[in-house]
Amino acid sequence: MWAFPAVIVAVLAVVAALIVGITGLLANPVRGVNADGTSTLAGTFEPYRCDRSSCDGYLQAGARSVFVRFPRGCPAPARGSQVTLMARPAPDLGKGSYRATACA
């Protein structure tokens, strides 16, 4: 008698896990490209190298991440914080790299 409800709960759990997993794999920190050539980036910030004068780090959304260099003098966002910012592509820093137009 209890087997049928248990199967239903198990199937729903598997479906929920698949949806969350696929969403995580398909997430992208680049939310859009604007008419002025900037891109809107959003994701979780992980610092790479930050000091008083500059800050470099990664914005991660799901399984993808991009490298971001903030302007000089910007305070570093907290590790693990959700950040949304405008940035320009910076191919001189490497593929998938951006320069933020302002502090986060």
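What follows draws every value from the coordinates through simple rules; no lab data is involved. Quick caveat, the model's predicted, so the values are computed rather than measured. A quick note on method: Cβ atoms are made from the backbone with ideal geometry, for glycine too, and the neighbour counts reach across all protein chains shown.
Structure summary
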read-out: Fully extended contour minus Cα-Cα distance, from MET1 to VAL33, at 0.36 nm per residue; value: 6.0 nm
read-out: For the chain, calculated [θ]222 nm from helices alone, where every DSSP H run of n ≥ 4 adds -39500 (n - 2.57); value: -8000 deg cm²/dmol
read-out: Segment 29-104: trypsin sites (Lys or Arg not before Pro) falling in loop per DSSP and having at most 13 other Cβ within 10 Å; value: ARG52, ARG72, ARG79, LYS95
read-out: Extended-chain gain in nm, criterion 0.36 nm per residue less alpha-carbon gap, LEU93 and ASP51; value: 13.3 nm
read-out: Residue with peak Gaussian network fluctuation, the chain [Cα springs, cutoff 10 Å], from VAL11, VAL83, VAL30; value: VAL11
read-out: Ratio Rg/Rh [Cα only; Rh per Kirkwood] for the chain; value: 1.22
